[in-house]
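The values are calculated or read from the model by the stated rules, or taken from the named source; none is laboratory data. Note that the structure is predicted; figures quoted are calculated from it, not measured. So basically every Cβ, Gly included, is an ideal-geometry build from the backbone, and we count neighbours across all protein chains shown.
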Amino acid sequence: MPRQAKNIGVKLATKGGQFSDVKATLASIEQQWKSVYPDNKFDYTFLDDSIARLYEKEQKTAQLINTATAIAILISCMGLFGLATFTAQQRTKEIGVRKVLGASVGSIVALLSKDFLKLVIIALVISSPIAWWGMNQWLKDFAYKVYLEWWVFALAGVLAIAIAVLTVGFQSVKAALTNPVKSLRSE
């Protein structure tokens, strides 16, 4: 008996019916199956369950990537915070002199944040094409094509810049609000 002869596809039209109607229909199909193929086991699956099993791997991969992304963002924010703290401490005297000469808190925050924002923008310019290529390679294997829009990368860039500004901004404001006399007197 050919392999295909063992498999049949049946569309069950339930139209608002109950699950008990589906059970009764399946019992009837099983009875007919056993009358035609008494030695073969009647085994059935629903198409939506089969399709869900196909996408299980992608769902697990997405969960793993989301967890790894959250950890990477946390680690990078901690590193950026530490680097901002170190930079502010190294430039304490410069900040003190600028404040004595009349620099505003905003100008000092901009001075300290500018270098970090340049690095974030360079990282975005390098990573966006690589991410676009990688996502296209992954998405090309699916039956339904999804095309990546430019605004997805723009949104990711804006979020990365916002996270960097918040992380560095805290230390910059703290350094800008310190008393310049204390920083200049320590030498």
First in segment 22-33 and not hydrophobic (A, V, I, L, M, F, W, C), second anywhere and not in a helix (DSSP H, G or I), Cβ under 7 Å, 6 or more apart: Thr25/Leu12; Glu30/Phe42
Test result for Thr61, exposed (fewer than 11 other Cβ atoms within 10 Å of the Cβ) and more than 30 Å from Val109 (Cβ to Cβ): no
Count of residues meeting criterion [loosely packed, with under 14 Cβ neighbours inside 10 Å and more than 12 Å from Ser172 (Cβ to Cβ)] in segment 98-110: 4
Tally, over segment 88-97, of residues that are in contact (Cβ under 8 Å) with a residue 60 or more places away in the chain and either not polar (S, T, N, Q) or not in a helix (DSSP H, G or I) (or both): 6
Tally, over segment 93-119, of residues that are of a type in the set (A, V, I, L, M) and more than 29 Å from Val158 (Cβ to Cβ): 3
Members of segment 116-135 that are surrounded by 13 or more Cβ atoms within 10 Å (Cβ to Cβ) and either touching a Phe, Trp or Tyr at 6+ places or on another chain (Cβ under 9 Å) or not hydrophobic (A, V, I, L, M, F, W, C) (or both): Leu124, Ser127, Ser128, Ala131, Trp132
Unique residue being more than 19 Å from the chain's Cα centre (by Cα) and not small (Gly, Ala, Ser) when the list is Gln89, Gln63, Gln59: Gln89
Selection from segment 32-79 of residues that are closer than 22 Å to Ala131 by Cα and of a type in the set (A, V, I, L, M): Ala62, Leu64, Ile65, Ala68, Ala70, Ile71, Ala72, Ile73, Leu74, Ile75
Filter result for Leu111 (on the phi < 0 side of the Ramachandran plot, within 24 Å of the chain's Cα centre (by Cα) and part of a helix (DSSP H, G or I)): no
Residues that are outside the structural domain of Gly157 (by TED's automatic domain parsing) and of a type in the set (Val, Ile, Thr), drawn from segment 70-101: Ile71, Ile73, Ile75
Condition met for Lys60 (part of a helix (DSSP H, G or I) and either more than 30 Å from Thr167 (Cβ to Cβ) or not assigned by TED's automatic domain parsing to the domain that holds Tyr144 (or both)): yes
Subset of segment 137-148 that is within 19 Å of Tyr55 (Cβ to Cβ) and surrounded by 10 or more Cβ atoms within 10 Å (Cβ to Cβ) - its residue that is modelled with the lowest pLDDT: Phe142
